[in-house]
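The values are calculated or read from the model by the stated rules, or taken from the named source; none is laboratory data. Predicted model only: the values in this text are computed from it and were never measured. As a convention, Cβ positions derive from the backbone with ideal geometry for all residues, glycine included, and neighbour counts pool all protein chains shown.
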Amino acid sequence: MSEALVAAETPGTGIEPVPGVSGARQFWRRLRAQRAALVAAAVVALLILVALGAPLLTAIEGQDPTTYHPSLIDSARGGVPIGSFGGIGGHHWLGVEPQTGRDLFARLVYGARVSLGVAFAATVIQLLVGVVMGIASALGSGWVDQLLSRITDIFVAMPLMIMALALLAIVPSSFPRPVLVTLVIGFIAWGNIAKIVRAQTLTLKGLDYVSAARLSGWGTWRIARRELLPGLAAPIITYAAILMPVNISIEAALSFLGVGVKPPTPSWGQMLTAADVWYQAAPQYLLLPAGSLFVTVLALTVLGDGVRTALDPRAASRLSIGTGRKREAKAAKGETEAGKSASAVGKAATEAGNGTTEAGKEGSA
């Protein structure tokens, strides 16, 4: 992995490689240079802590995500929460749900556990299946490569949402829904990572150290484990960081369509499904899960872009906008002006040298 991280830098990236520094330290130094990625990493870490500490947080509040509170809703108005801002108070920090009176804070933090847990587990499954299929295809014989490549093409072309809707609709409701959503996403959407791993493996297996390992008598899978996987670490980590926000969006969409996580299990997408008719009477019921999804997906996307740029510094960030571009334009302008000044100084020195030569000739005459 160190060789993958310590890549040659191109001029203009602003970060030059440091001789003698390990790959992990190079990666961390490049990542620290990206403030947006660090902020995104802090947001993701906070969300993970909230998800893991959901039982503790709800215990401090004194609520749980499934208990109904009919006394906190106004039946005469169709189930709108009693009180200002959806019933926010000392016992219900973010208010309660319309019609049910369930605590909104408890359902929001437990929903983070479901959404993040499903996305993380599905990403792990996608990586495991994609890496195995990609390496097996690249290292196998001709007919094995053709067979596995055609299978991968089928899964890449397969419409994920349609297949997920079909599978989730026919599976009995007794099967745990978060587990089912994880398995469906993980075992359908692995095709792209398999293609990336296959292409990278084909490049790596032609290098000298891999050929030397083959000539020394190592088996195929030992070569893959000891020589190829370290070189594949950078693209795998990069793609994993990109997959996480995609999988969160897919889980939310499936739950929103009613085939994902079912009540009373809280999920941000499932909360949005129930909130679509309450955006006027109880706007916080819609804004809180929607805002949580937006912040999570945005933070993971920015972090994934930062990891990709830190692992491959030759590739510019896709999110380099605004002040970043202005700084680059200013630096380029400064370099141009410095070049012009140097040229002017050189011209003046040349003219002075010519004058000295002419004076010498006159003195000789």
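General remarks:
- Close pairs from the stretch 154-181: first in the same structural domain as Ile250 (by TED's automatic domain parsing) and basic (Lys, Arg), partner assigned to a loop (DSSP other than H, G, I, E, B) and surrounded by 13 or more Cβ atoms within 10 Å (Cβ to Cβ), Cβ under 8 Å, at least 6 apart: Arg177/Gly260; Arg177/Val261; Arg177/Lys262; Arg177/Thr265
- Top-ranked residue of the stretch 141-162 - restricted to ones that are buried (at least 16 other Cβ atoms within 10 Å of the Cβ) and not hydroxyl-bearing (Ser, Thr, Tyr), ranked as farthest from Arg198 (Cα to Cα): Leu160
- Residue list for the stretch 185-198, filter: in contact (Cβ under 8 Å) with a residue 40 or more places away in the chain and either hydrophobic (A, V, I, L, M, F, W, C) or under 30 Å from Ser255 (Cβ atoms) (or both): Ile185, Gly186, Phe187, Ala189, Trp190, Gly191, Asn192, Ile193, Ala194, Lys195, Ile196, Val197
- Looking only at the stretch 215-253, and only at residues there that are in contact (Cβ under 8 Å) with a residue 12 or more places away in the chain, farther than 14 Å from Ser115 by Cβ and of a type in the set (S, T, N, Q), the one that is surrounded by the most Cβ atoms within 10 Å (Cβ to Cβ): Thr238
- In this structure, Val124 does not qualify as within 30 Å of Trp218 (Cα to Cα), without any contact (Cβ under 8 Å) to a residue 24 or more places away in the chain and not basic (Lys, Arg).
- Subset tally (residues that are β-branched (Val, Ile, Thr) and under 18 Å from Val50 (Cα atoms)) for the stretch 284-304: 3
- Listed here are the helices (runs of 4 or more DSSP H) enclosed by the stretch 246-365 that have at least 3 residues being at pLDDT below 65: 323-364.
- Within the stretch 70-80, at least one residue is at positive phi and out of contact with any Pro (no Cβ under 7 Å at 6 or more places or on another chain).
- In this structure, Leu94 qualifies as aliphatic (A, V, I, L, M), touching a strand residue (DSSP E or B) at 6+ places or on another chain (Cβ under 9 Å) and either closer than 17 Å to Leu288 by Cβ or not assigned by TED's automatic domain parsing to the domain that holds Pro283 (or both).
- Test: residue in the stretch 16-25 that is at pLDDT 85 or above and surrounded by 18 or more Cβ atoms within 10 Å (Cβ to Cβ): no
- Scanning the stretch 81-93 for residues that are of a type in the set (Val, Ile, Thr) and crowded, with 17+ Cβ neighbours inside 10 Å gives a single hit, Ile88.
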